[in-house]
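My questions will all concern the structure given below.
The values are calculated or read from the model by the stated rules, or taken from the named source; none is laboratory data. Every value quoted in this text rests on a predicted model; they were computed, and no experiment measured them. Heads up, the Cβs are rebuilt from the backbone with ideal geometry, glycines too, and the neighbour counts pull from every protein chain shown. Areas reflect the complete protein model, heavy atoms only, side chains present, ligands, DNA and RNA absent. Shrake-Rupley method; radii C 1.70, N 1.55, O 1.52, S 1.80 Å.
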Amino acid sequence: MTTFDIQDIKRRMEGAITALKSDFQGLRTGRANVNLLEPVMVEAYGALVPLNQVGAISSPEARMLTVTVWEKSMVAVVDKAIRNVGIGLNPVVDGMTLRVPIPPLNEERRRELVKLSGKYAEAARVAIRNVRRDAMEQLKKSEKDGYLSEDQHKKLSVQVQEATDSFVKQVDSTLKTKEDEIMQV
C-alpha cells in the first residue's frame, strides 16, 4: 500500500523556495551583503578554502564589506582572490583588514540582474510543477491500484493544486521583492 503524504509534497515544494532564496542572496544589489563574497576561494595551506575560513567577513555600512584576515601572511592572498573572483570588487588593504567598497550598479547591469533573477524564479516554478506532476502521477497510480477511491483522488488532487498555486505565488512575490531591491538606486 502506498500512502500519500501532502506534507511531504509541501516540504519538497518548500525546498524550491529555499533554493531560490539562496540563489537570490548571491545576486548583487547595490547594497553590501556578506554573501557576495561566498564564491571567493583562497589559496591557503596548500589548498583552496572558502574566504570565511581565513578571515571574518562583516558589513559595517550599506556599501562596504570588511574582511578581517586572521594571519598577516594571508592578507595579500585574500586581496588577490577577491579581485580575481570576477564580481567587480576592488579591496583596499588596511593592515590586517580589507575594506571592500561596493560600487553602485549601472542601469544596464541592473537590468541583467533582473533578467537573471527571473531565470532563477522560473527554475523554482519548474521545480514546484515537477513536484506537482510527481504527486499527481502517484495519485493516479494509487487509484488504479485500488488504494484510493475516485473521490479521494479528486480531493487530494485539489490539495496538491492548491499547494502548487500557493508556492508559485511565493516565488512570484519573492521575485518581485528582489527585482525592487535590484532596481532601487
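Please state which of the following conditions LEU98 fails to meet, knowing it meets all the rest: (1) at pLDDT 90 or above; (2) over 30 Å from MET74 (Cβ atoms); (3) of a type in the set (A, V, I, L, M).
Checking LEU98 against (1) at pLDDT 90 or above; (2) over 30 Å from MET74 (Cβ atoms); (3) of a type in the set (A, V, I, L, M), the one that fails is (2).
Can you pull out the residues in the range 10-42 that are free of Cβ contacts under 8 Å to residues at least 24 places away in the same chain and among the basic types (Lys, Arg)?
Result: ARG11, single match.
Right, next: List every residue pair whose Cβ atoms sit under 6 Å apart, with the two residues 6 or more apart in sequence or on different chains, where the first one lies in the range 116-145 and is assigned to a helix (DSSP H, G or I) and the second, anywhere, is open to solvent by 40 Å² or more (accessible area, probe 1.4 Å).
What qualifies is TYR120/ASP23; VAL131/ARG12; SER142/THR2.
Would you mind finding the one in GLU71, GLU108 that is modelled with pLDDT under 90, more than 30 Å from ARG129 (Cβ to Cβ) and not β-branched (Val, Ile, Thr)?
GLU108
For GLU61, indicate whether it is more than 25 Å from ARG11 (Cα to Cα) and without any contact (Cβ under 8 Å) to a residue 60 or more places away in the chain.
Judged against the criteria, GLU61 is a match.
Could I ask something else about it? How many residues, within the range 106-163, are of a type in the set (D, E, K, R), within 22 Å of the chain's Cα centre (by Cα) and open to solvent by less than 70 Å² (accessible area, probe 1.4 Å)?
3
Okay, moving on. What number of residues within the range 164-173 are under 17 Å from the mean Cα position of the chain (by Cα), among the polar types (S, T, N, Q) and either under 15 Å from GLY15 (Cβ atoms) or surrounded by 13 or more Cβ atoms within 10 Å (Cβ to Cβ) (or both)?
1
Now for a different question. Among strands (runs of 3 or more DSSP E) lying entirely in the range 1-100, which contain 3 or more residues that are under 29 Å from THR177 (Cα atoms) and open to solvent by 40 Å² or more (accessible area, probe 1.4 Å)? Please lay out each step first, then the result.
Values: elements: 41-44, 47-50, 55-61, 64-69, 92-94.
Per the criteria, 55-61.
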